[in-house]
Amino acid sequence: MQLIEAVPNISEGRNKSVIEHVVTAAKNAGARVLHVDANADANRTVITLAGKPQAVVQSAFALIRAAAELIDMREQKGAHPRLGATDVCPLVPVRGISLEETAAYADELARRVAEKLHIPVYLYEENAREKTRRNLAFIRRGEYESLPEKLRTLPPDYGPQTWSENVAKTGATVIGARKFLIAFNMSLDTQDVDTAREIAAQLREKNGGLKCVKAIGWYMPGYRCVQVSCNLTDFEKTGLAEVFETCKKLAAAHGLKITAGELIGLVPQDALINAGKFYAPGEKNSTALINAAVENLLLNNLRPFVFRERVLEKVLEI
């Protein structure tokens, strides 16, 4: 059976009622909602949907429609970069389907969002029509506040290309097919956001850092510390352990320590097993390897890391 996931990120992490309505809209449209990860400081919620491709497209569309109705970007503020009510909605092949085939479903979703909801849609990753647009950061540069000009200088692939009251409310959405991405945050024992940003800059691939790693630094008032927030776009090329250990060395150069690791959304099991092999060389038992990864990446320090609720393969079995 073909199986894909969608991981829409909405620009709301504080209003529980809005989040619940958006999640319910997705559930009622046919796909399974595997996980919901809300962060008030980032003012962002990451929602993971999975199912047959057409069901996921239906649910993602229903979610984007609900977010557009309930979130007003003219009032939205938060630590996380964002472009619209549904900031980004990647589709990811999970089983029995290629990335190219998944991209066709992403294009279908993008067209529907633009035509039915009148939201500007930018295509990225596998769906990008030019190389620079593969990168989400390039499209999102300047964030929502840049959108009136961006519509003119960087026209969306689908939907309105002019500023209007509707676009002012919804912002724009970025859609495309991609491989698994791991969002991994590391808390530092400081409130100095400039240091977090400096470390993040050193980690980024585009600055000569780690391959397939994007990173930003921000302050999380709820944690009373800064975080280095990383996206691992290909964990088989650069894994969790390498990112953590490199960040630890960079932090130590500033006299700082990592106090906690935090995974956002769901993570493929192999990503934890690979990290476990770094920390427990020679170990063969998969459970022991995962435990070694959780312990050494400090994944229990902010809140309990419940394996069956956070690993994609385990959640799909439920």
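What follows is calculated from the coordinates using simple rules that are stated; it is not laboratory data. Predicted, not measured: the structure shown is a model, and the values here were computed from it. We place every Cβ from the backbone using ideal geometry, glycine too, and count neighbours over all the protein chains shown.
So here's what we get for this one:
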| item | result |
| --- | --- |
| Cα centroid separation, the stretch 6-38 to the stretch 84-118 (Å) | 16 Å |
| Nearby aspartates and glutamates by direct alpha-carbon distance to Lys257 (threshold 17 angstrom, same-chain neighbours under 8 apart not counted) | Asp189, Asp192, Asp194, Glu198, Glu242, Glu245, Glu295 |
| P(r), alpha carbons of the stretch 36-128 - 10 Å bins starting at zero, rounded % | 14, 48, 32, 6, 0 |
| Volume per residue of the C-alpha convex hull in the chain, rounded to whole Å³ | 127 Å³ |
| Low-density loop positions, trypsin sites (Lys or Arg not before Pro), the stretch 247-318 - DSSP coil, at most 10 other Cβ in 10 Å | Lys284 |
| Tilt relative to the chain, helix 99-117 - C-alpha long axis, 0 to 90 degrees, to 10 | 50 degrees |
| Nonlocal amide H pairs with Ala260, under 5 Å, H built at 1.01 Å | Ser187 |
| Dimensions (Å) - the stretch 182-317, Cα atoms, principal axes, largest first | 41, 32, 25 |
| Trypsin sites (Lys or Arg not before Pro) within the stretch 111-149, DSSP loop, no more than 13 other Cβ atoms inside 10 Å | Arg129, Arg141 |
